[in-house]
Structures are given as structure tokens and as C-alpha cells.
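Read through the structure below, which is laid out as C-alpha cells, and then see the notes.
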Amino acid sequence: MRAFLGSLLEARVQPDAGAVSWINRYLAASPSVCQLGRVGAGFQMQMTWGTDWSAVIAAVLMSYGQLLESGHVDRVRRGANRHCTWLCYDESRNASRRWCDPHVCGNLQGVRAHRERSRRQAYRRTAS
């Protein structure tokens with residue numbers, strides 16, 4: 001499922017009829033219950049899932065469905081770290097996010113760039 005959703009998200013394409021059918025089969029196989037719950041002074045319908053792996057898969061597929069529904073699939077992308085396998089959702093105003101997590105990948109890329117610049121400077125000093 002991860003590879004399947006990853007390929008759809010990276011290609012930024014709408015799922016075809018076969019993909020929608022595949023998703024719906026997994027969603028139908030998962031036990032879920034809709035319940036009415038209190039939220040503050042009001043009420044809200046809440047979906048609860050079972051506790052097995054089919055529930056986990058269904059929750060991920062529901063999230064993907066909500067992303068499709070929002071029309072913002074184009075905001076999902078791979079970060080600038082070519083070694084990272086994560087996809088991220090770009091919430092920035094101008095769609096310029098570069099890292100899945102700036103404290104992890106951003107910092108790592110910054111350290112790599114700094115080391116590369118230091119190596120080049122050291123090489124220039126020894127070559128001259």
C-alpha cells in the first residue's frame with residue numbers, strides 16, 4: 001500500500017478506476033463505526049476504527065481520500081534531500097517547502113553542504 005500510494009502521490013495524478021476500486025476494497029474490509037460524540041457544548045459525528053492492521057490501512061487510505069477531496073495533491077512532494085524516503089505536505093503560502101522536517105533533513109543537508117565547501121577550500125589551499 002505504501003508503494004502504491006507513494007507512486008500516486010509522487011506522480012501527482014488522480015487515481016484511475018482500478019485504483020479507486022482497490023482502495024474501496026480495503027476500506028470495506030475494515031471494521032469501522034460512526035458514533036455521535038460531544039465536543040464542547042456541541043456534537044460531532046466521529047468515525048472509530050477497529051484495532052487490527054486493516055484499521056490502520058483504512059485510516060491511511062481515508063487520509064489519502066481526504067487529500068484528494070481537498071484538491072491539494074500537488075502540495076505533496078519529496079523533499080530536497082535525495083536520500084530521504086518521506087513525502088511531505090507543503091503548507092507554506094508560496095509552496096516552497098524543501099524538507100520533510102527542517103530539523104532532520106534540512107540540518108543534515110546543511111551539514112553536508114558545509115563539509116563539501118570546507119573540503120573544496122582545503123583542496124584549493126593545498127593546490128596553490
Study note, to complete from the structure: Listed by chain and number, the residues whose amide H is under 5 Å from that of residue 76, excluding neighbours fewer than 5 places away on the same chain and using placed H, are 90
Review point. Taking the Cα atoms only, what angle lies between the long axis of helix 107-127 and the longest principal axis of the chain, rounded to 10 degrees?
Key: 10
Study note, to complete from the structure: Helix 53-70: inclination vs the chain longest Cα principal axis, degrees, rounded to 10, gives 80
**Study point:** Rounded tilt (10° steps) of 2-11 against the dominant C-alpha axis of the chain
**Key:** 70
Practice item. Restricting attention to the chain, give the cysteines that have no other cysteine Cβ less than 4.7 angstrom from their Cβ. Key: 34, 84, 105
Check your understanding: How much length is gained if the chain between residue 36 and residue 113 is pulled fully straight, taking 0.36 nm per residue apart and subtracting their Cα-Cα distance, in nm to one decimal?
Key -> 22.5 nm
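Every number here is computed from the coordinates shown, using simple stated rules; none is lab data. As the structure is a computational prediction, the values presented were derived from the model and not from experiment. Note that each Cβ is placed from the backbone with ideal geometry, even for glycine, and that neighbours are counted across all protein chains shown.
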